[in-house]
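In what follows, a single structure is set out as structure tokens and then discussed.
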Amino acid sequence: MRRRLWHFHGGLHLEGHKDLSMHEPVAAAPLPARIVLPLAQHIGAPAEPEVKVGEKVRKGQRIARATEYVSAPIHASTSGTVVAIEEQPVPHPSGLSAPCIVIEADGQDEWIERQPVADYENLDPSALRNVIREAGIVGLGGAGFPSFIKLNPGPDKVVDLLILNGAECEPYITCDAMLMQEHPRRIIDGLLIMRHALRAKRCIIAIEDNKKVAHTVLVNALQEHEAEFIEIVQVPTVYPTGGEKQLIKVLTGKEVPSNGLPIDIGMVCHNVATAAAVHDAIAEGTPLIERIVTVTGEALDRPRNLTVRIGTPFSLLLEAGQWRETDTDEVLMGGPMMGFAVPDLDVPVVKTTNCLLARPRSQPHRQPAMPCIRCGQCARVCPAQLLPQQLYWYAHARNFDRIQDYHLFDCIECGCCAYVCPSHIPLVQYYRFAKTEIWAQERQKQKADRARQRHEWHLERLERRKREEEERRRRKKELLKKSKAAGGDAAKKAEIEAALARVKAKKASRQAARANTENLTDAQKQAIAAVEARRQRLQKGGDSGDSQ
Ligand code: SF4
Ligand code: SF4
């Protein structure tokens, strides 16, 4: 029976330009002489280097560790020598630089010893998540959120539905379509591993109905598995069906709550390329060191898909696509709706680089922005059911409190509003600016909160020390008082003893005075001895008389 599908609000039917890059199979991109690996290629805290300049590294070796829970490690994408750990330009609309590890390739491409997981079904889900975490896998279809976190629903959550997103709705981009066509088993095996980690009840692989080859290939590959809990569903080709919330709506009719996550309604959504990366990590022990990148656009003579090492410079890929540099207006990272122009073409491919789009000068230039005429077209196409003109108004006025009342953070930056705006206002740029400002203010506030808390702790410590000091003084005083009291008794006792001693001495001296046998003359001594002899004789005589 055909599954019932729903519609999300708004959206656009766009020209796909997908054929441009799908004429030939995915090929390996050339090995660059220098690999530049930014430490922040994901949402969350940047990784921390574990290697030193001058150190030799092998392909697949972890060279930077995750520092916090929301973070991902970085691995060397070829063997060589670390020649620098320094700020380098990274893919960003502002052309900013960020800390990177730079490896000079030795051309050997020598692997570390990889350790696949023999029997993942006997592995505890948390141990499985840890392997995925250590492999540095992040969402390959979006902003690069560490995948192991999305594979951890939490102790009280039941995952009813795991969705693999193969919608790839943005024009020009075909890396997921090519992956599904060429590696369906990696995707299905990755899905089974993810299902085991999540203990998900059911799974859907969603593909837009303009990707007929990918659909057929996946259906055939699925027949080799006895996996009746997996369904492959074709969804209408409407931009942005590939948005997580929009895809959930199309497949289930359910809405993810504002500021909420799919897990809040028992669902988890991953990209098909992420599933393939999970397969590689578990079945082969291969960390995330390469990905497929669509190199396309009318300014290339050979647009195509390439398997690219993370850290490869954009310029090398444009050369591989036979780029007509002089005919190029701008190069975007990503597609025409959500991508951004890259000012420096030597920036490296990162984990979230899905497409390089070289636009020719012949394409119409953007018109200058005019004032908003309040036509409401932007609201009609917004798939998040927002009021884009209000968001624009408050972003323009830098009213960052009010803009959040209009659910700025539900905006998926799909660009539908800007696409239809008759005043050619670069609306998404305003929303990105407002989000960046709010995050910066939030960070500032957190910093101030932490400083205030530290100050309060300091004051509390001082107060506690003061209290302790006072208590110490009080105790000392009390002790002194007690000891003084105790000291009085002892004096009295000593006084009595001294008095007794004096009495005793006096008595002895009196006795001695009474005996007075010292310093006698010989005559006195003889007289005393005669008296004593007489006394003894009398005593003897008396004794004899008594006994008769
Ligand atoms: S489409 Fe443009 S002009 Fe019309 S309301 Fe929206 S922002 Fe204003
Ligand atoms: S960019 Fe944001 S506001 Fe504009 S249509 Fe998309 S979701 Fe709506």
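What does DSSP give for the chain in terms of the percent of beta bridges that are antiparallel, rounded to the nearest 5? Of those bridges, close to 60 percent are antiparallel.
The phi-based Karplus calculation (6.51 cos²θ - 1.76 cosθ + 1.60; θ = phi - 60°) puts the 3J(HN,Hα) values of segment 74-84 at 10, 10, 5, 8, 7, 8, x, 10, 6, 9, 6 Hz, whole numbers, x for Gly and Pro. Close amide-amide hydrogen proximity is noted between residue 242 and 169, each under 5 Å apart and 5 or more residues distant or on a separate chain (H modeled in the peptide plane; Pro and chain starts excluded).
Compute the whole-percent fraction of alpha carbon pairs in the chain spaced more than 29 Å apart.
On the way: 95146 of 149878 pairs.
Across the chain, Cα pairs with separations above 29 Å total 63 percent.
Ranking 337, 375, 358 by how far each Cα lies toward the positive end of the dipole of segment 319-398 (charges on Cβ) leaves 375 at the top.
Each of 441, 455, 404 was placed along the dipole of segment 345-491 (beta-carbon charges, centred on the mean Cα), and the one lying farthest toward the positive end is 455. Here the label points at residue 24 and residue 367, each 7 Å from Cα along the C-beta direction, are separated by 3.9 nm in the simple model. Rounded to the nearest 20, the Cβ-based charge dipole of segment 165-221 about its Cα centre (Lys and Arg +1, Asp and Glu -1) stands at 440 debye.
Work out the length of the dipole vector of the chain about its Cα centre, built from +1 on the beta-carbon of each Lys and Arg and -1 on the beta-carbon of each Asp and Glu, and round it to the nearest 20 debye. Please list the in-between numbers first.
Details: 75 positive and 69 negative charges, 1082 e Å.
It comes to approximately 5200 debye.
Placing dummy labels 7 Å off each Cα toward the beta-carbon, the span from residue 493 to residue 380 is 10.6 nm.
Computed over segment 377-432, the percent of Cα pairs more than 14 Å apart is 43.
How would 31, 128 line up from fewest to most surrounding beta-carbon atoms within 10 angstrom?
Numbers: 31 16, 128 23.
Result, fewest neighbours first: 31, 128.
Per residue of the chain, what 222 nm ellipticity follows from adding -39500 (n - 2.57) for every DSSP H run with n ≥ 4, rounded to the nearest 500?
Numbers: 14 runs with 211 residues, N = 548.
Dividing the helical sum by the residues of the chain leaves -12500 deg cm²/dmol.
If you restrict to DSSP beta bridges whose two residues both lie in segment 179-327, what percentage is antiparallel, to the nearest 5? In segment 179-327, approximately 55 percent of DSSP beta bridges are antiparallel ones.
Of the GluC sites (Glu not before Pro) found in segment 409-495, not one falls in a DSSP loop while having at most 12 other beta-carbon atoms within 10 Å.
Just subtract the alpha-carbon distance of residue 327 and residue 340 from 0.36 nm times their residue separation and send over the number in nm, one decimal.
Working: separation 13, 0.36 × 13 = 4.68 nm, distance 1.87 nm.
So the chain would gain 2.8 nm between residue 327 and residue 340.
Sorting 370, 194, 333 from the fewest to the most surrounding beta carbons within 10 angstrom yields 370, 333, 194.
Converting the Cα gyration tensor eigenvalues of segment 438-489 into ellipsoid dimensions via √(5λ) gives semi-axes, longest first, of 50, 4, 4 Å. Charged side chains reduced to their Cβ positions (Lys and Arg at +1, Asp and Glu at -1) give segment 387-459 a dipole of some 340 debye around its Cα centre.
Placing a label point 7 Å from the Cα of residue 12 along the Cα-to-Cβ direction, the residues of segment 238-264 with a backbone N closer than 12 Å are 239-240. Here the residues 337, 180, ranked from fewest to most Cβ neighbours within 10 Å of their Cβ, fall in the order 337, 180. Fully extending the segment from residue 538 to residue 219, taken as 0.36 nm per residue of separation minus the present Cα-Cα distance, adds 99.9 nm. Look at the dipole of the chain built from charges on Cβ: of 96, 13, 205, the Cα furthest out on the positive end belongs to 96. Calculated on the Cα set of segment 1-128, radius of gyration then Dmax: 20.2, 62 Å.
Between residue 530 and residue 445, the modelled label-to-label distance comes to 12.8 nm, taking each label 7 Å out from Cα in the direction of the beta carbon.
Any read-out appearing in this document is the output of simple, stated calculations on the displayed coordinates, not a laboratory observation. What you see is a predicted model, and the numbers here were worked out from it, not measured in a lab. Neighbour counts run over all protein chains shown; Cβ positions are idealised from the backbone, glycine included.
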